[in-house]
Amino acid sequence: MTLSIEQLPVECLIGSKVGLEKEGLRVTPNGRLSTADHPSALGASLTHPCITTDFSESLLELISPPFENSLEALNFISEAEAFVHRHLGDELIWSASMPCPIENEDDIRIAEYGSSHPGMQKTIYRRGLAHRYGKQMQIIAGVHFNFSFSNELWSWLQMESTTSKGSTTAYIAERTLSAIRNAQRHDWLLLFLFGASPATSRSLSGANGRLIPYDKHTLYLPYATSLRMGDIGYTNSPLINREVVINHNSLSGYIDSLRSVINTPYLAYEQFDGLGGSDQQLSNTLLQTENEYYSTVRPKQVTESGESLLDALQHRGISYIELRSIDINSFVPSGIEPTQLHFLELFMYHCLFSESPCFDNREMETIRFNRNETAYRGRDPSLKLIHRQEKIALHQWASQLIDEMQPLAEKLDQAHHTNHYSKALSHYRERVYQPNLTPSAQMLDTMQRTEKSFSSFTLGRSQLHHQHHLALKLADERIAFFKAMARQSYRQKNALEGCKKCQVDKNSFCKDGHGSYRAQAIRCACN
């Protein structure tokens, strides 16, 4: 630790904020991908701040605003999902990160957002993703955990710092990037504890040859934790990973390096230009936008109208951290449970308060190695990871990290007048030594005991969760709230489509609300 936790005033641990984003595929009653339009009763996916779509028309995304209490963020997601289930007809939401069986990749409809310029830009961007990575990779789902530290904490840390000489914005950016580096160093721990994708359908492109048969419908690895986070999952291609080296050692370095790859033409992508007589990608560069950089952890800032994320980071620094490595837990109706949220808060504080030297190329390779090894064989008792250029047993390193979090857990309990944080730490400490209790192990165990394939298991869980959400009582005012948001989203979408400048001016840019931490909808850049 860079300072003694005992020195930390408890009031500095009050006021942090958590937001959640949860993805989920719409499927038919027999567990096949839905090809239907995004349900109209849910609102316009282009402009709705909380209920939208991701890559595919069938890939729902639910977004919470930030809350000071992480359980309130989870409750918001649960209520939004309950509202969604009431408008699905006979469809279900697939309760796993790895997708349902795909018989024909053409069945995966790229999300459609209407005729406005920002709507078309979002669709064209997704066409580019389809060409670059294939459609199946893009419908792998997950949960994003968005976290910001309190202003009080930043003020106290800067006051205690003996090296801070710049502005508060610069200091926050420097310290946040140090936390992001540690989150990348230690994200293997989250894959081990929370990974819930040890198996997948045989139809997943790229899985054959890397995985082994479980039955005639399923591929798996016996000690896998999170196939989603392995190199067959939701990641930039290995080739691009070698080409794209993003600097996480300073904010200016991060912005400059990301801008560089966004502006660097890539010969292999030129073949996609003009296919089918329409725009097939935003550009033929290494990355079309900063959103295409699929890091497990990213610095974020809320953007304003007419502003890109990189401009927002440059102008106002880092507002929050986006943690993207959480699988959907098939045993939990909302895909993530309260104990996880408390542990993730602890994890983020630990990343902030731990020493965090700058990255070099060797360490970036080590991080990828540790992540892949944990994704594919994290529950293997013999697995050793690389820590400070030496091999260490996963359970030994995990135990060390959890022990280091204990003072933080006690401090957070004190600040919030609870025991949730200490209980979460005990809960996951037990799983370090009993990996059969982790979601990935429980999933394989249930499949084996019930003699079900991955798809049969997930379909059963999806049906149970559907009934759970239908039975969840929603207050009349909450139903009215979501209905009002749906109506407002259509008004905003219609306004965009009626704006000639936004339709034709390629230089106009309307804010992309997809994944926005504050869940602000797109608005016309002309207003």
Count - residues of segment 222-255 that are modelled with pLDDT of 95 or more, among the small types (Gly, Ala, Ser), farther than 17 Å from Phe194 by Cβ and outside any helix (DSSP H, G or I): 1
Scan of segment 461-478 for residues that are in contact with a helix residue (DSSP H, G or I) (Cβ under 7 Å, 6 or more places away or on another chain) and surrounded by 12 or more Cβ atoms within 10 Å (Cβ to Cβ), ordered by number: His466, His469, Leu472, Leu474, Arg478
Only one of Phe359, Phe343 that is touching a residue at least 24 places away in the same chain (Cβ under 8 Å), more than 26 Å from Ala199 (Cβ to Cβ) and among the aromatic types (Phe, Trp, Tyr): Phe359
Lone qualifier among Ile367, Ile318, Ile336 - being in contact with a Pro (Cβ under 7 Å, 6 or more places away or on another chain) and closer than 30 Å to Ile5 by Cα: Ile318
Qualifying residue in segment 241-257 (condition: in contact (Cβ under 8 Å) with a residue 60 or more places away in the chain and among the charged types (D, E, K, R)): no
Flag if Cys358 is at pLDDT 95 or above and assigned to a loop (DSSP other than H, G, I, E, B): yes
Selected residue (only one of Ser426, Ser422, Ser440, Ser399 is small (Gly, Ala, Ser), under 15 Å from Phe192 (Cα atoms) and surrounded by fewer than 20 Cβ atoms within 10 Å (Cβ to Cβ)): Ser399
Residue list for segment 290-342, filter: in contact with a strand residue (DSSP E or B) (Cβ under 9 Å, 6 or more places away or on another chain), in a loop (DSSP other than H, G, I, E, B) and at pLDDT below 95: Tyr294, Ser295, Thr296, Val302
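Each row is one residue, and each column tells you yes or no for (1) in contact with a His (Cβ under 6 Å, 6 or more places away or on another chain); (2) closer than 22 Å to Pro118 by Cα.
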| site | (1), (2) |
| --- | --- |
| Ala44 | no, yes |
| Ile51 | no, yes |
| Phe55 | no, yes |
| Leu60 | no, yes |
| Ile63 | no, yes |
| Phe67 | no, no |
| Ser70 | no, no |
| Ala73 | no, no |
| Glu81 | yes, no |
Residue check for Ser325: farther than 25 Å from Ala82 by Cβ, among the small types (Gly, Ala, Ser) and in contact with a Gly (Cβ under 9 Å, 6 or more places away or on another chain): yes
Cross-chain or 6+ apart pairs with Cβ under 6 Å, segment 84-97 first and over 14 Å from Phe457 (Cβ atoms), then charged (D, E, K, R) and part of a strand (DSSP E or B): Glu91/Arg26
Matching option when the condition is at pLDDT 95 or above, part of a strand (DSSP E or B) and surrounded by 17 or more Cβ atoms within 10 Å (Cβ to Cβ), among Leu219, Leu193: Leu219
Members of segment 370-396 found to be touching a residue at least 24 places away in the same chain (Cβ under 8 Å) and either part of a helix (DSSP H, G or I) or acidic (Asp, Glu) (or both), listed by number: Asn370, Arg371, Asn372, Glu373, Thr374, Ala375, Tyr376, Arg377, Asp380, Leu394, His395
Sole exception among (1) crowded, with 19+ Cβ neighbours inside 10 Å; (2) more than 19 Å from the chain's Cα centre (by Cα); (3) of a type outside the set (Gly, Ala, Ser) for Glu105, by number: (1)
Filter result for Arg32 (farther than 23 Å from Ile336 by Cα and buried (at least 21 other Cβ atoms within 10 Å of the Cβ)): no
Verdict on Leu60 being without any contact (Cβ under 8 Å) to a residue 60 or more places away in the chain, hydrophobic (A, V, I, L, M, F, W, C) and within 23 Å of Ile124 (Cα to Cα): yes
Complete set of residues in segment 176-210 that are of a type in the set (Phe, Trp, Tyr) and touching a Leu at 6+ places or on another chain (Cβ under 8 Å): Trp188, Phe192
Test result for Ile5, touching a Lys or Arg at 6+ places or on another chain (Cβ under 7 Å) and either aliphatic (A, V, I, L, M) or over 28 Å from Phe481 (Cα atoms) (or both): yes
Any hit, segment 262-285, residues being out of contact with any helix residue (DSSP H, G or I) (no Cβ under 6 Å at 6 or more places or on another chain), modelled with pLDDT of 95 or more and not hydroxyl-bearing (Ser, Thr, Tyr): no
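Conditions tested, residue by residue: (1) within 14 Å of Leu193 (Cα to Cα); (2) loosely packed, with under 14 Cβ neighbours inside 10 Å; (3) aromatic (Phe, Trp, Tyr).
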position: Glu355; (1), (2), (3): no, yes, no
position: Arg371; (1), (2), (3): yes, no, no
position: His387; (1), (2), (3): no, no, no
position: Asp403; (1), (2), (3): no, yes, no
position: Gln434; (1), (2), (3): yes, yes, no
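The values are calculated or read from the model by the stated rules, or taken from the named source; none is laboratory data. Because the structure is a prediction, the values reported are computed rather than measured. We place every Cβ from the backbone using ideal geometry, glycine too, and count neighbours over all the protein chains shown.
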